[in-house]
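The values are calculated or read from the model by the stated rules, or taken from the named source; none is laboratory data. Here the structure is a predicted model, which is why all the values come from computation and not from measurement. Here the Cβ positions follow ideal geometry from the backbone for every residue, glycine too, while neighbour counts run over all protein chains shown.
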Amino acid sequence: MAKADSQRDAQQLPLGIALSLGLIMLLGPASIDMYLPSMPEMARQFNTPFASVQLTLTIFLMAMGIGQLFFGPVVDACGRRKPLLLALLGFVLATVYAALAPSIESLMLARLLQGLAASLAIVTVMSSVRDVAEGIIAAQLFAILMTIQGIVPVFAPAVGGLIGAQWGWRMVFVVLALLGVLVFLNTLLSLRETLPVHRRSPLRLRTVLASYGEILSSRSFILPALSLSLVFFLLFFYIGGASYAYQTHFGLTTRAFGVVFGATGIAMLLGAMGSARLVTHCRVELLALLGVCGLVVGAVISTLSALLGLGLMGVVAGMFIAMAALGVAEATLMALALASRTTALGASAAILGAAPLLLGAAATPLAAVAVQTSTLYWLGSLIVIGMSALFFTVLSFLRVQRAGVQVDLRHH
């Protein structure tokens, strides 16, 4: 086994697999961001409060989060390929149902099914990374997936807005369904089974609970996992308050806000791309620590800019730094957590995927309350969240150093 792992680590980055897995990862963020510009029109067509339409997003996030906890052990027991194909087929059918939904209640049900299908697909992808790669290759593969994920929030709202303005919100879901068909066909033709039968875990409730208990009791896993969850909480807290702060407090138009928000999205993309290169020159735990430190520094700059009356440019500059650092921290913390695992990778990936989404579902309404209280309160909260993430990242870093564990992915 050690020889096989060494040979696997010595291989080049599997670009074809990376692109295929990246295509699958597009489905989650595209399903979140593409229909956002159409929400007001959807509320008018369904003759329902805007909050009811927003609830379709919360349902989707909750389904994606909770679903991963359920499906993680399933893909450890049944393999990756068949559950993944089933998930993609389910996603397509649920998305078509959403496009045809006759009522807001039907749309909520469709989004629930769509979120569950997406959760199965995503947890399978994250598990597959550690099936096919380890060490530096795994970290680079995670960084590529995070880069692809970072592209979607930059362009999806604009693309969805154009589609919705021209053909209506239902066409947005039709396009999502067509994307799902494309991903299904690519997966069918390009991705093979990555989990051999002899490495699978039995699907028994007692075994599943024991597996989750063992994972959650591992400090080597839980410390970077907590850091990662708080990093995502900060991201969703930023997203939840940005529109109100930039447009109401700083007076940006809807179009100008899209440009500014897109710029911070590009920063996260650049950070994720940079981490793929930096990981070849820097120990992963140090890179994770530097990423979270940069996150805090950016939040401090934004808060001080608002406090001292330096205007929008200072706030945006700080958030650009914070989001670039988040791109670095995201991939490295995920790699650091999964590097501690050799078994139950599906369940481990499920925890890493579920916790941020469940926290994200809570972060959005909390951010709305904070930013409506005060823009400074919202920005200051970002510092507190960042410092909390830094606390757990430092503990993780010190644990690795004291244990003398070689998490340097160049030599893993």
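Quick check, is Pro356 in contact with a helix residue (DSSP H, G or I) (Cβ under 9 Å, 6 or more places away or on another chain), surrounded by fewer than 20 Cβ atoms within 10 Å (Cβ to Cβ) and of a type outside the set (Ser, Thr, Tyr)? It is false that Pro356 is in contact with a helix residue (DSSP H, G or I) (Cβ under 9 Å, 6 or more places away or on another chain), surrounded by fewer than 20 Cβ atoms within 10 Å (Cβ to Cβ) and of a type outside the set (Ser, Thr, Tyr).
Would you check if there is a residue in the range 271-294 being part of a helix (DSSP H, G or I), among the hydrophobic types (A, V, I, L, M, F, W, C), within 23 Å of the chain's Cα centre (by Cα) and closer than 16 Å to Ile383 by Cβ? Scanning the range 271-294, I find at least one residue that is part of a helix (DSSP H, G or I), among the hydrophobic types (A, V, I, L, M, F, W, C), within 23 Å of the chain's Cα centre (by Cα) and closer than 16 Å to Ile383 by Cβ, so the answer is yes.
Report whether or not Ser119 is part of a helix (DSSP H, G or I), under 13 Å from Leu338 (Cβ atoms) and at pLDDT 75 or above. No, not satisfied. What about Leu252, is it outside any helix (DSSP H, G or I) and in the same structural domain as Leu352 (by TED's automatic domain parsing)? Criteria met by Leu252. The condition (being under 30 Å from Leu270 (Cβ atoms), of a type in the set (S, T, N, Q) and at pLDDT 75 or above) is satisfied by just one residue among Ser218, Ser190, Ser211: Ser190.
None of Leu185, Leu176 is assigned to a helix (DSSP H, G or I) and either buried (at least 20 other Cβ atoms within 10 Å of the Cβ) or touching a Leu at 6+ places or on another chain (Cβ under 7 Å) (or both) except Leu176. The set of residues in the range 208-242 that are touching a residue at least 12 places away in the same chain (Cβ under 8 Å) and of a type in the set (Ser, Thr, Tyr) comprises Ser211, Tyr212, Ser218, Ser220, Ser227, Ser229, Tyr238. So if I check each of Ala322, Ala299, Ala245, Ala263, which one is surrounded by fewer than 21 Cβ atoms within 10 Å (Cβ to Cβ), assigned by TED's automatic domain parsing to the domain that holds Ala225, small (Gly, Ala, Ser) and in contact (Cβ under 8 Å) with a residue 12 or more places away in the chain? Step by step, each of Ala322, Ala299, Ala245, Ala263 is checked, and only Ala263 is surrounded by fewer than 21 Cβ atoms within 10 Å (Cβ to Cβ), assigned by TED's automatic domain parsing to the domain that holds Ala225, small (Gly, Ala, Ser) and in contact (Cβ under 8 Å) with a residue 12 or more places away in the chain.
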